[in-house]
Amino acid sequence: MPRVALDLNNADDRQKVAGEWRVGEGFVPGEPNEGLTARLLASPPRTADFDDSSWPVCANIRESLSEGFTFAWYRITVELPHETNGMTVEGARLWFETNVDNYGEVWVNGQIDRSTGVIVGINAPQRIELSASAVPGSKYVIACLVANGPLAEPRGGIFMRFATLVLETSN
């Protein structure tokens, strides 16, 4: 099975899909107490139309942020080219693969697949299908919520170990 994997932490690979990571610290970035309030029903950065343009660009998703109990959102919009690394994009199966430290959620175009989009366990890799048949020009807004854990005694900071956009064909 032919496979092309674009490392979304690599500037050259991000350029192939016109992507740029932005990071906002907090469950609701910019809100007091990082937006952590009792009975909050949702965090706005999960939505596809959320404006993250004021957030800093994140050149290295592997860089550890903060310490203790904390959250951050990593967001990127990718646009599929007609071909990349010698592979035609049209009709390919499209995946987003990631690993976050320690808990994570992956929202794609404002939606989460609760069976594949929730990353539980410390440093567990995750693979989410974005399309069974990719279409050049299609855009995907990928929003990853990352939390430090274990929640009762978090260690270190939060970061993404990797983020990869993968195209696979059956021929």
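State yes or no: is T88 more than 23 Å from P45 (Cα to Cα) and touching a Pro at 6+ places or on another chain (Cβ under 9 Å)? Criteria met by T88. Of all residues in region 1-31, those being assigned to a helix (DSSP H, G or I) and either charged (D, E, K, R) or at pLDDT below 95 (or both) number 4. Considering the conditions (1) assigned to a loop (DSSP other than H, G, I, E, B); (2) modelled with pLDDT of 95 or more; (3) of a type in the set (S, T, Y), T37 is excluded by exactly one of them, (2).
Just one residue in the set V106, V78 is assigned to a strand (DSSP E or B), free of Cβ contacts under 8 Å to residues at least 60 places away in the same chain, within 23 Å of S138 (Cα to Cα) and not charged (D, E, K, R); that residue is V106.
Results for (1) surrounded by fewer than 19 Cβ atoms within 10 Å (Cβ to Cβ); (2) over 20 Å from V118 (Cβ atoms), shown as yes or no for each residue.
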{"site": "P2", "(1), (2)": "yes, yes"}
{"site": "A18", "(1), (2)": "yes, yes"}
{"site": "E25", "(1), (2)": "yes, yes"}
{"site": "G30", "(1), (2)": "yes, yes"}
{"site": "P56", "(1), (2)": "yes, yes"}
{"site": "N60", "(1), (2)": "yes, yes"}
{"site": "A72", "(1), (2)": "no, no"}
{"site": "P81", "(1), (2)": "yes, yes"}
{"site": "V89", "(1), (2)": "no, yes"}
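Out of the residues in region 137-153 that are under 19 Å from T164 (Cβ atoms) and of a type outside the set (A, V, I, L, M, F, W, C), state the one that is farthest from the chain's Cα centre (by Cα). Filtering first and then ranking leaves S138. Close contacts from region 139-166, counting a first residue that is over 30 Å from A92 (Cβ atoms) and a second that is of a type in the set (V, I, T) and buried (at least 19 other Cβ atoms within 10 Å of the Cβ), with Cβ to Cβ under 8 Å and a gap of 6+ residues or different chains, come to A147/I158; N148/I158; I158/V100; I158/V146. When we screen A163, A134 for residues that are surrounded by 14 or more Cβ atoms within 10 Å (Cβ to Cβ), within 25 Å of V57 (Cβ to Cβ) and of a type in the set (G, A, S), the only hit is A163.
Contact annotation: residue pairs with Cβ atoms under 7 Å, 6 or more positions apart or on different chains, pairing a residue in region 53-66 that is touching a residue at least 60 places away in the same chain (Cβ under 8 Å) and farther than 12 Å from W21 by Cβ with a partner that is among the aromatic types (F, W, Y) and surrounded by 12 or more Cβ atoms within 10 Å (Cβ to Cβ), are S64/F159; L65/F159. Assess whether I61 counts as being closer than 23 Å to G149 by Cβ, within 12 Å of the chain's Cα centre (by Cα) and assigned to a loop (DSSP other than H, G, I, E, B). Yes; evaluated as a whole, the condition is true for this residue. State yes or no: is N99 assigned to a strand (DSSP E or B), out of contact with any helix residue (DSSP H, G or I) (no Cβ under 8 Å at 6 or more places or on another chain) and surrounded by fewer than 21 Cβ atoms within 10 Å (Cβ to Cβ)? Yes; evaluated as a whole, the condition is true for this residue. Which one is nearest to E90 (Cα to Cα) among residues in region 1-44 that are polar (S, T, N, Q) and free of Cβ contacts under 8 Å to residues at least 12 places away in the same chain? So, considering only residues that are polar (S, T, N, Q) and free of Cβ contacts under 8 Å to residues at least 12 places away in the same chain, the one nearest to E90 (Cα to Cα) is Q15.
The values are calculated or read from the model by the stated rules, or taken from the named source; none is laboratory data. Keep in mind that this is a model prediction, so the values were computed, not measured. Ideal geometry is used to build each Cβ from the backbone, glycine not excepted, and the neighbour counts take in all protein chains shown.
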